[in-house]
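Take a look at the structure set out below.
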Amino acid sequence: MTPLEAILLTIVTASTPLLIAAIGELVTERAGVLNLGVEGMMAMGAACGFAAAIGFDSTVAGIATGILAGAGMAAIFAFAVLGLAANQVGSGLALTILGLGLSGLIGAPFVGARRDPIPHVHIPGLADLPGIGRLLFGQDAFVYVGLALAAAVALFLSRSRAGLTLRAVGENHVSAHALGLPVLRTRCLAILFGGACAGLAGVYLSLVYTRFWSPGMTAGRGWIALALVVFAAWRPAYALAGAYLFGAATVLQLHAQAGQIGLPSQLLSAVPYLATILTLVLLSIGRGRAVGAPGSLGAPFVPDR
Amino acid sequence: MRLELAPRAEVSRIARVVAPVAAFLVAFLIAGGVIWLLGRSPLAAFRVYVSGPLSDPWALQELVVKATPLALIAIGLTYCFRANLWNIGAEGQYVMGAVLGGWLALRTHGSDAGPWVWPAMMLLGIVGGALYGLIPALLRVRFGVSEILSSLMLVYVAQLVLDYLTRGPWRDPKGMNFPQSVTFDPSATLPQLFGAGRLHVGALFALVAILATAFVLGRTLFGYRLRVTGEAPRAARFGGFDANRTTLAVFAISGGLAGLAGMSEVAGQIGQLQPSISPGYGFTAITVAFLGRLNPFGILAASLAVALTFIGGESAQILLKLPLDLTTAFQGLLLLCVLGADALVSYRLQIVGRGGGRPPLPEGEVETAAAVRVRGHGLAGEGATPRPVAPLRDSTSSSGRGGGVP
């Protein structure tokens, strides 16, 4: 394997959790709900999934538990913002704080434990192609799940009746309600889907990306996923591109740190966060010029609550 | 049959005071359940968390010490939250205040600089925090970037800056390679309040900030401007209040107070710069601000109550071997309960039979205070250009508590 190939492979692995979490949050936001708890749901997915994988000695059980943990956290959020009409921004923040704390409790007994790598997909023939073989046909299953998820959500939103309902609910809940669309039920399902995706992204981090659990291992990825949704203008295809862009930034700064290029490692560690801010700025400059163009039509109306 | 929310015609004053207390109790009950699930006695935990610290004079002093940064930051956040702006980067502003003020302490280290050093450090702390807080505000005003994301991202950056400085240029050369600066000179250390104790003058800063804020919010045009901007942005525009200037002002104030908190913690408690100078005060202060209902005196009480969870958490870790993360989880839970209770102050839950729709509400009753306060916040950012969706937003707030409730 050439060094370039190795770097590209790690970029794909680093991008996948961002992609999965961003797609989930994208659906939630298209339904008109802003859930700032992605980081907390991811942390819970990572901790619960890892604990279950060790406990049952089964990767599948770990993945299922991680997804359930994310959805469970999302259910708490749904109860607060839909059931009690609580403030979404505050509730989302609370969910992040709660998730980071709870995941610390759950994961504490598993610090130091390791899991074996999960088997990679290997399509005979194709995966052995020189250069692109491993990259395209020899990844772990999550990578393809993430891509399939992005495609499925794109199709769902643009081509299905339910997707139209979801967008209508997110675009203007008063009109949607007047049309007889089930606003709360749609939102609840969208929130749960977002949570499940965040949980899956988290379990990917602990079971595949690092293969161990450590406190605070999500390291702001949930927040970057949130920024990705803005970056993507609430469109799945752009979220895909954005996730890979950010994954690349993360991996390249790691390689730069290892390569001793004379810059302080902290500066390089700050690159993903600074890149997020810079992207948001550039984006707004770009869109500022295109006022009225269809490009901004994808931005959802985030309603009162 | 299902539960529905219905707006209350009148919000009782008593409910406003009772709600946070009730939320605290509910959070306690749930946390007790979690502790029970962990196989420990909730009663023993309660004794360690609450009764222990409250019956020990040393711990009482410690309570004030821990409440000081929480109150300072939460008071600052009140300005932002009242204007419906979400500064969640107070942790970063806290760090940057300590960095800028700490620079002066290191600069004057070993010289016979006079007693002006610590007051100057405090000023620099305010400046550092305010400047750092202005970054997300400027990005929002100039480019329409969501202040939620930018302020949060800047927390990570600030922590990395401090990490770099304490491991690199500012490391104590005689410090056995520990990542920490030299210990500050006495002239760069905050004076103690009662001789030997741990209580330093930072607690007085917090008190002054609380009193000043009570005056500013209740008695000045600026305080009124914040409320109008937060609760009725369109009215604020018609009233000629410049939303951009408000944004910059509240971020500078909250950043400055967070910076002051960071500087007093370092100069009053830690005595040197090190990679980690906060157990998450900047984030916990968000809980404090809401628990105090964005009211300065409420925040005074809330900061003491939440400080108790920090101290209780530390002793529970030692005495009961309960991990510190329990404290974090409790603080998140508390915030959720407070926000839920907040909503229940303005709405009541009612059981609706199948098919029995809710009678339509008269227009006037719909716009309760909470309906305005819970106004959502789009990540798209609205600072730079008025968005075409503005009319939509208004139609929802006038016709629509029922909007989401089928």
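The values are calculated or read from the model by the stated rules, or taken from the named source; none is laboratory data. Computed from a predicted model, the values in this text were never measured in an experiment. Every residue, glycine as well, gets a Cβ built from its backbone with ideal geometry; the counts of neighbours run over all protein chains shown.
When only residues in segment A:168-185 that are in a helix (DSSP H, G or I) and either among the hydroxyl-bearing types (S, T, Y) or out of contact with any helix residue (DSSP H, G or I) (no Cβ under 6 Å at 6 or more places or on another chain) (or both) count, which is nearest to A:L34 (Cα to Cα)?
So in segment A:168-185, the residues in a helix (DSSP H, G or I) come out as A:168-171, A:173-178, A:183-185.
From the residues that got through so far, the ones that are either among the hydroxyl-bearing types (S, T, Y) or out of contact with any helix residue (DSSP H, G or I) (no Cβ under 6 Å at 6 or more places or on another chain) (or both) too are A:171, A:175, A:178, A:185.
On the way: A:E171: 13, A:S175: 19, A:A178: 22, A:R185: 16 Å.
Of everything passing the filter in segment A:168-185, A:E171 is nearest to A:L34 (Cα to Cα).
Looking for something under 13 Å from the mean Cα position of the chain (by Cα), under 27 Å from B:R140 (Cα atoms) and of a type in the set (V, I, T) - is there at least one such residue anywhere in segment B:304-313?
No - not one qualifying residue is present in segment B:304-313.
Looking at B:D172, B:D163 in this structure, which one is closer than 19 Å to A:A270 by Cβ, acidic (D, E) and either more than 22 Å from the chain's Cα centre (by Cα) or at pLDDT 90 or above (or both)?
On the way: B:D172 fails: closer than 19 Å to A:A270 by Cβ.
It is B:D163.
Which of the residues spanning segment A:270-285 are surrounded by fewer than 20 Cβ atoms within 10 Å (Cβ to Cβ) and within 7 Å of chain B (Cβ to nearest Cβ)?
A:L274, A:V281, A:I285
Yes or no, residue by residue, for (1) surrounded by fewer than 20 Cβ atoms within 10 Å (Cβ to Cβ); (2) at pLDDT 80 or above; (3) within 23 Å of the chain's Cα centre (by Cα):
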| residue | (1), (2), (3) |
| --- | --- |
| B:M1 | yes, no, no |
| B:G33 | yes, yes, no |
| B:V64 | no, yes, yes |
| B:L72 | no, yes, yes |
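Quick check on segment B:125-135. Is at least one of its residues within 14 Å of another protein chain (Cβ to nearest Cβ) and without any contact (Cβ under 8 Å) to a residue 24 or more places away in the chain?
yes
For every residue, the table says whether it meets (1) under 25 Å from B:I73 (Cβ atoms); (2) within 7 Å of chain A (Cβ to nearest Cβ); (3) modelled with pLDDT of 80 or more.
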| residue | (1), (2), (3) |
| --- | --- |
| B:F310 | yes, no, yes |
| B:G313 | yes, no, yes |
| B:L322 | no, no, no |
| B:T328 | yes, yes, yes |
| B:G332 | yes, yes, yes |
| B:L336 | yes, yes, yes |
| B:A341 | yes, no, yes |
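Considering only segment A:86-103, I want to know if a residue exists there that is modelled with pLDDT under 80, assigned to a loop (DSSP other than H, G, I, E, B) and farther than 20 Å from B:T328 by Cα. Reasoning before the result, please.
First pass over segment A:86-103, keeping only residues modelled with pLDDT under 80: none.
No: segment A:86-103 contains no residue that is modelled with pLDDT under 80, assigned to a loop (DSSP other than H, G, I, E, B) and farther than 20 Å from B:T328 by Cα.
Could you list, ordered by first residue, the pairs with Cβ atoms under 7 Å in which the first is in segment B:284-306 and touching a residue at least 40 places away in the same chain (Cβ under 8 Å) and the second is outside any helix (DSSP H, G or I), at least 6 apart or interchain?
Filtered contacts from segment B:284-306: B:I286/B:I88; B:G298/B:G292; B:I299/B:G292; B:A302/B:G292.
Of the residues that make up segment A:44-53, is at least one touching a His at 6+ places or on another chain (Cβ under 9 Å) and of a type outside the set (D, E)?
No, there is no match, as no residue in segment A:44-53 is touching a His at 6+ places or on another chain (Cβ under 9 Å) and of a type outside the set (D, E).
Determine which member of the set B:R171, B:R142, B:R198 is of a type in the set (D, E, K, R), part of a loop (DSSP other than H, G, I, E, B) and under 29 Å from B:S254 (Cβ atoms).
B:R198
Would you pick out the residues in segment B:162-172 that are within 7 Å of chain A (Cβ to nearest Cβ) and either touching a Phe, Trp or Tyr at 6+ places or on another chain (Cβ under 9 Å) or within 21 Å of B:I135 (Cα to Cα) (or both)? Steps first, please.
Taking segment B:162-172 as the starting set, the residues that turn out to be within 7 Å of chain A (Cβ to nearest Cβ) are B:163-164, B:168.
Answer for segment B:162-172, where residues must be within 7 Å of chain A (Cβ to nearest Cβ) and either touching a Phe, Trp or Tyr at 6+ places or on another chain (Cβ under 9 Å) or within 21 Å of B:I135 (Cα to Cα) (or both): B:D163, B:Y164.
I'm trying to understand the selection: among the residues of segment A:84-121, which are surrounded by fewer than 17 Cβ atoms within 10 Å (Cβ to Cβ) and either facing chain B (nearest Cβ under 7 Å) or aliphatic (A, V, I, L, M) (or both)?
In the first step, residues of segment A:84-121 are kept if they are surrounded by fewer than 17 Cβ atoms within 10 Å (Cβ to Cβ); the result is A:108-109, A:111-114, A:116-117, A:119-121.
Listed by number, the residues that qualify are A:A108, A:V111, A:A113, A:V121.
Please state which of the following conditions B:Q180 fails to meet, knowing it meets all the rest: (1) assigned to a helix (DSSP H, G or I); (2) over 20 Å from B:A258 (Cβ atoms).
With respect to (1) assigned to a helix (DSSP H, G or I); (2) over 20 Å from B:A258 (Cβ atoms), B:Q180 is out only on (1).
Taking segment B:13-40 only, how many residues are of a type in the set (F, W, Y) and over 17 Å from B:L339 (Cα atoms)? Break it down into steps so the answer makes sense when it comes.
Restricting attention to segment B:13-40, the residues satisfying the condition of being of a type in the set (F, W, Y) are B:24, B:28, B:36.
Of the ones still in play, those that are also over 17 Å from B:L339 (Cα atoms) are B:36.
Of the residues in segment B:13-40, 1 are of a type in the set (F, W, Y) and over 17 Å from B:L339 (Cα atoms).
What is the number of the single condition among (1) within 14 Å of chain A (Cβ to nearest Cβ); (2) over 25 Å from B:I73 (Cβ atoms); (3) not hydroxyl-bearing (S, T, Y) that B:V155 does not meet?
Failing condition for B:V155: (2).
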